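These notes are about the structure you will find just below.
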Amino acid sequence: MKIFTQINEVRNYLKRQYPATVGFVPTMGALHKGHLTLLERAKAENEIAICSIFVNPIQFNNAQDLQYYPRPFEQDVVLLEKVNCDVLFAPSEAEMYPQIPAISVQVGKLGEVMEGKYRAGHFNGVGVVVCKLFNIVRPNVAYFGQKDLQQCAVIRQVVEDMSIDLELKICPTLRENDGLAMSSRNLRLSPTQRQIAPLIYQALQTAEKIIREEQNLAKAQAEAVRMIEQESAFRLEYLEIVNLRSLEEMKEMNKTLQTEPLAICVAAHLGNVRLIDNVVLEN
Ligand code: AMP
């Protein structure tokens, strides 16, 4: 695997290869199986698979979260070698942001609800870094995880609005055996918190069952909230049932899931670790 830290080096390398297609997986490192399945898919579907590792400071609205974000770089390199990743791009902050970017990326409502409400400036930071990375790597296909459902929606909007020439592929959320969505932040959970954490997915599954059996969104939401709040270690930020495309909150179900797919999205703190998860209901 080739490792580059400089923008011009990775650009020149990719140009010289003349690959038929480039598949790209942007990450912030601390790689787990969720990231690796995206890379395996990028590798299987493209001549070159490239991963980026960059803990993007401008998408963090919490200094502690940024400071304690895990950065096990050597271990990440070993994992990437194992899935035969061709190229790793791991720039420094100074390389990506020689100065604070003057541009900002806003996508209206899509970026303002849920995560946008609780993480001011987060999607601006995501939008800026993703545009920069797309311009550096110029991939044919970019792979993202459904775990960050709102991020996928925001990036899709940016790609459409800016006519960025690439295909987005959204991959299913990988989970631990007990249902907890894999996340780099799980490394920061204490053993007790780690035991409690799967309750988030159990609450989502309960809400899904109520929606499928009773088409009752208010009851589904209330029951899922109750399940999470009964565990006092959790601080729930939001649990919303939204239209899968617009991410607008839904209070009632007027159509079938085929005509109007839904997502149940949640964010909750366990100690100082913030966890998010979602399930999609489309048929
Ligand atoms: P991150 O390093 O957290 O920015 O994630 C990099 C990419 O991996 C994003 O597209 C995430 O949505 C995706 N990802 C993170 N966790 C998972 C997971 N458990 N399953 C599938 N994809 C994931």
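The values are calculated or read from the model by the stated rules, or taken from the named source; none is laboratory data. Only a predicted model underlies this, so the values are computations on that prediction, with no experimental measurement involved. Using ideal geometry, Cβ is built from the backbone for each residue, glycine included, and neighbour counts are taken over all protein chains shown. Surface accessibility is based on the protein's heavy atoms, side chains included, excluding ligands, DNA and RNA. Shrake-Rupley method; radii C 1.70, N 1.55, O 1.52, S 1.80 Å.
Residues are listed down the side, and each one gets a yes or a no for (1) open to solvent by 40 Å² or more (accessible area, probe 1.4 Å); (2) outside the structural domain of LEU31 (by TED's automatic domain parsing); (3) within 13 Å of the ligand (Cβ to nearest atom):
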residue: TYR143; (1), (2), (3): no, no, yes
residue: GLN146; (1), (2), (3): yes, no, yes
residue: ALA153; (1), (2), (3): no, no, yes
residue: ASP161; (1), (2), (3): yes, no, no
residue: ILE164; (1), (2), (3): yes, no, no
residue: ASP178; (1), (2), (3): yes, yes, no
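Using the structure shown, decide if PHE4 is touching a helix residue (DSSP H, G or I) at 6+ places or on another chain (Cβ under 9 Å), within 16 Å of the ligand (Cβ to nearest atom), open to solvent by less than 70 Å² (accessible area, probe 1.4 Å) and aromatic (Phe, Trp, Tyr). Criteria not met by PHE4. For first residues located in the range 8-22 and over 12 Å from PRO139 (Cβ atoms) and in contact (Cβ under 8 Å) with a residue 60 or more places away in the chain, partners that are crowded, with 18+ Cβ neighbours inside 10 Å and charged (D, E, K, R) and lie 6+ apart or on another chain with Cβ distances below 6 Å do not occur.
When the range 88-117 is filtered for residues that are farther than 20 Å from ARG245 by Cα and surrounded by 13 or more Cβ atoms within 10 Å (Cβ to Cβ), the ones remaining, listed by number, are LEU88, PHE89, ALA90, PRO91, GLU95, MET96, TYR97, PRO101. Could you please find all residues in the range 9-33 being outside any loop (DSSP other than H, G, I, E, B), open to solvent by 40 Å² or more (accessible area, probe 1.4 Å) and either more than 16 Å from the ligand (Cβ to nearest atom) or under 19 Å from GLU167 (Cα atoms) (or both)? Once the filter is applied, which keeps residues that are outside any loop (DSSP other than H, G, I, E, B), open to solvent by 40 Å² or more (accessible area, probe 1.4 Å) and either more than 16 Å from the ligand (Cβ to nearest atom) or under 19 Å from GLU167 (Cα atoms) (or both), the range 9-33 yields GLU9, ARG11, ASN12, LYS15, ARG16, GLN17.
For the list (1) under 18 Å from PRO26 (Cβ atoms); (2) crowded, with 20+ Cβ neighbours inside 10 Å; (3) of a type in the set (Gly, Ala, Ser), I need the number of the one condition that GLY125 fails. The number of the failed condition is (2). Could you please tell me which pairs satisfy a Cβ distance under 9 Å, a separation of 6+ or placement on different chains, a first residue in the range 235-251 that is closer than 15 Å to LEU281 by Cβ, and a second residue that is open to solvent by 30 Å² or more (accessible area, probe 1.4 Å) and in a strand (DSSP E or B)? Final answer for the pair search is GLU240/GLU249; ILE241/GLU249; VAL242/GLU249; ASN243/GLU249; LEU244/VAL280. Pairs meeting the criteria (first residue in the range 254-283 and over 22 Å from LEU187 (Cα atoms), second residue open to solvent by less than 10 Å² (accessible area, probe 1.4 Å) and among the β-branched types (Val, Ile, Thr), beta carbons under 6 Å, at least 6 apart or on different chains) are LEU262/ILE241; ALA263/VAL242; ILE264/ILE241; VAL279/ILE264. Only one of the numbered conditions (1) touching a helix residue (DSSP H, G or I) at 6+ places or on another chain (Cβ under 6 Å); (2) assigned to a helix (DSSP H, G or I); (3) surrounded by fewer than 17 Cβ atoms within 10 Å (Cβ to Cβ) is not met by ILE58, and that is (3).
The residue of the range 61-106 that is nearest to GLN6 (Cα to Cα), among those that are in a loop (DSSP other than H, G, I, E, B) and touching a strand residue (DSSP E or B) at 6+ places or on another chain (Cβ under 6 Å), is ALA90.
Hey, any hits in the range 38-49 for a residue that's more than 9 Å from the ligand (Cβ to nearest atom), open to solvent by less than 50 Å² (accessible area, probe 1.4 Å), within 26 Å of GLY179 (Cα to Cα) and part of a helix (DSSP H, G or I)? Checking the range 38-49: at least one residue is more than 9 Å from the ligand (Cβ to nearest atom), open to solvent by less than 50 Å² (accessible area, probe 1.4 Å), within 26 Å of GLY179 (Cα to Cα) and part of a helix (DSSP H, G or I).
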